[in-house]
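Q: Before I ask anything, let me first share the structure, which is written out below as structure tokens.
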Amino acid sequence: MTNTKRIVRAGLLTCIALIIFVVEMQIPLPVSVPGMKLGLANIVTVYAVYVLSVKETALILTARLILGAVFSGNISALLFSASGGFMCLTAMLILSRFIDKKHIWLCSMFGAVFHNLGQIIAAAAVTGTLSVFAYLPLLTVFGCIAGLFTGICAQTAVNRTEKN
Amino acid sequence: MNRKSRILAVAAMAVIFLTAVILAVHFYVKPKSDRVNIISGGQIVRTIDLSTAEDCQFDIIYEGRRNTVEIKNHTICVISADCPDLICVKTGAMGADSSGPVVCLPNRLVIEFEEASADGKSG
């Protein structure tokens with residue numbers, strides 16, 4: 001694949017992630033817990049982990065995090081989403097070496113767990129209290145379910161695009 | 001991916017999930033004490049005993065940003081704030097049946113129950 005194609009592919013994936021991110025902001029959640037989100041934009045990250053190179057995946061995630069913070073107008077949330085995002089990315093990059101393309105959903109679920117962990121560590125550092133860890137179990141429960149869903153989506157995308 | 005590593009990975013995920021479910025349920029049971037700490041920017045700015053506190057309202061200001069806290073019927077909640085997401089307001093009251101901390105990350109505010117200490121008070 002030429003460099004131009006690589007850049008275009010990374011750009012398009014960033015764009016898709018941002019669109020999902022912005023649409024997701026309009027979906028109300030029945031419960032309000034700090035930091036709880038569906039994280040549908042992670043579909044693109046999971047896909048990229050399995051299809052693109054490490055560097056490209058990290059660039060897509062970085063661009064999505066920064067532009068997402070700009071679009072949502074919530075710059076203060078960037079710290080939490082970035083620490084969660086990169087923790088999740090690191091975990092998934094390591095796990096993707098062991099988990100094959102038929103079990104991407106599993107990798108995504110582990111990624112979600114680490115995403116929540118990263119978020120909470122950042123929140124604890126910022127607020128200077130450990131009591132925010134009380135939210136970790138709840139976030140993890142919903143994170144696993146959301147991670148399973150994003151994983152299935154990414155898995156479908158990876159397997160379908162490989163056939164062509 | 002062989003059978004063994006697959007079972008291992010699924011089992012690890014199941015353990016994480018079940019632990020989280022158990023802890024999440026545990027976290028929503030009754031509070032351990034009546035005393036709540038209001039922590040702003042990492043500093044305890046107020047400690048309130050909910051069992052004796054009068055109903056009142058007050059503002060917590062952190063770097064010019066405001067959260068209005070209300071104490072009512074021995075529960076405590078944030079009724080308004082100038083943060084963008086208002087999660088602290090939507091969290092609702094803590095006291096009678098919720099021990100979850102009220103957190104406002106943009107304004108660095110945490111309202112939490114004090115860990116049960118050996119001050120002889122019956123919880």
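The values are calculated or read from the model by the stated rules, or taken from the named source; none is laboratory data. Just so it is clear, the structure is predicted and the values come from calculations on it, not from any experiment. Note that each Cβ is placed from the backbone with ideal geometry, even for glycine, and that neighbours are counted across all protein chains shown. Surface accessibility is based on the protein's heavy atoms, side chains included, excluding ligands, DNA and RNA. Shrake-Rupley method; radii C 1.70, N 1.55, O 1.52, S 1.80 Å.
Q: Give me the Å³ per residue figure for the convex hull around the C-alpha atoms of region B:35-113.
A: Convex hull of Cα atoms, per residue: 75 Å³.
Q: Would you calculate, for the protein assembly as shown, the mean residue ellipticity at 222 nm contributed by helices, counting each DSSP H stretch of 4 or more residues as -39,500 (n - 2.57) and dividing by all residues, to the nearest 500?
A: Result for the protein assembly as shown: -18000 deg cm²/dmol, rounded to the nearest 500.
Q: How many percent of the accessible area of region B:1-116 is carbon or sulfur, using a 1.4 Å probe? Can you show the working numbers first?
A: Numbers: 3500 of 6200 Å².
Ligands and nucleic acids excluded, carbon and sulfur reach 56 percent.
Q: Return the Rg/Rh ratio of region A:50-100 with Cα-based radii and a Kirkwood Rh.
A: Working: Rg = 12.3 Å, Rh = 11.7 Å.
Ratio of gyration radius to Kirkwood radius: 1.05.
Q: Buried by at least 50 Å² relative to the chain on its own: which residues of region A:83-116 qualify, computing accessible area with a 1.4 Å probe on protein heavy atoms?
A: Hits at the 50 Å² cut-off: A:103, A:106, A:110.
Q: Another one. Express the Stokes-Einstein translational diffusion coefficient of the protein assembly as shown in µm² s⁻¹, to the nearest whole number, given a Kirkwood radius over alpha-carbon pairs, 25 °C and a viscosity of 0.890 mPa s. Working shown, then result.
A: Details: Rh = 20.4 Å.
The calculation lands on 121 µm²/s.
Q: Please find, in a Gaussian network model of chain A (springs between Cα atoms separated by less than 10 Å), the residue of A:57, A:129, A:90 whose mean-square fluctuation is greatest.
A: Highest fluctuation of the listed residues: A:129.
Q: Could I ask something else about it? For an R0 of 35 angstrom, estimate the FRET efficiency from the Cβ-Cβ distance between residue B:73 and residue A:76 and round to the nearest 0.05. Provide the component values of the computation, followed by the final result.
A: Numbers: r = 32 Å, r/R0 = 0.92.
E(calc), rounded to 0.05, equals 0.60.
Q: By how many degrees, 0 to 90 and rounded to 10, does the Cα axis of helix A:78-95 deviate from the longest principal axis of chain A?
A: 50
Q: Follow-up. At a probe radius of 1.4 Å, figure out the A/B buried accessible area, summed over both chains, and give it in Å² to the nearest 100.
A: On the way: alone 9190 and 8110 Å², together 14730 Å².
The A and B chains share an interface burying roughly 2600 Å².
Q: Within region A:29-75, what whole-number % of the accessible surface is contributed by carbon and sulfur, with the 1.4 Å probe and all protein chains included in the calculation? Intermediate results must be reported in sequence, preceding the final value.
A: Numbers: 1460 of 2030 Å².
Ligands and nucleic acids excluded, carbon and sulfur reach 72 percent.
Q: Let me ask something else about it. So what's the angle, to the nearest 10 degrees on a 0 to 90 scale, between helix B:3-27 and the longest Cα principal axis of chain B?
A: It works out to around 20 degrees.
Q: I've got another one for you. Between residue A:152 and residue B:1, how high is the FRET efficiency from 1/(1 + (r/R0)^6) when r is the Cβ-Cβ distance and R₀ = 25 Å? Nearest 0.05. Numbers along the way, then the final one.
A: Details: r = 17 Å, r/R0 = 0.67.
The computed FRET efficiency comes out at 0.90.
Q: Okay, next question. Send over a whole-number figure in Å² for the accessible area per residue of region A:29-102, probe 1.4 Å. Walk me through the numbers before you get to the answer.
A: Values: 3430 Å² over 74 residues.
Accessible area per residue: 46 Å².
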